[in-house]
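Comments concern the structure below.
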Amino acid sequence: MSAGDPGGEPGHELLTRVRSAFPRVERDHQDGHVLVVSHGLTLRAYLAMIDPRPTEPLPNASISTVEVHADGFCRVVTVALDPAGHGVPDAIGASRAQATALAR
């Protein structure tokens, strides 16, 4: 992940930000639940820090859950729950669910 969008943030800089931001959230909020809302790429980078298995792009408004233990151990519990039914955006912006519905 070294290239970024033209004029955008290079991938290595994104990873540096993710590597510093999420541990701060974990440290500063040890006493309860935290809701993090962000772009899918940022969330996928965080999830990959915890579990390096590849993930699919996250649907808009999807829910992923991470448990953070007192000893610093993190575990991905759920990835990309899609209660809104948005599906995953394709290259031109329509979701797969929308494209399937239109094809019927």
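Quick notes on this one:
- Here the spin labels are modelled as points 7 Å beyond Cα on the Cα-Cβ line, and at VAL37 and ASP51 they lie 2.5 nm apart.
- Efficiency of FRET from Cβ geometry, GLU9 and ASP71, R₀ 22 Å, rounded to 0.05: 0.10
- In terms of surrounding Cβ atoms within a 10 Å radius of their Cβ, VAL88, VAL66 rank from fewest to most as VAL88, VAL66.
Each value in this text was obtained by applying a stated rule to the coordinates, not by laboratory testing. In this text, all values refer to a predicted model and were calculated from it rather than measured experimentally. We place every Cβ from the backbone using ideal geometry, glycine too, and count neighbours over all the protein chains shown.
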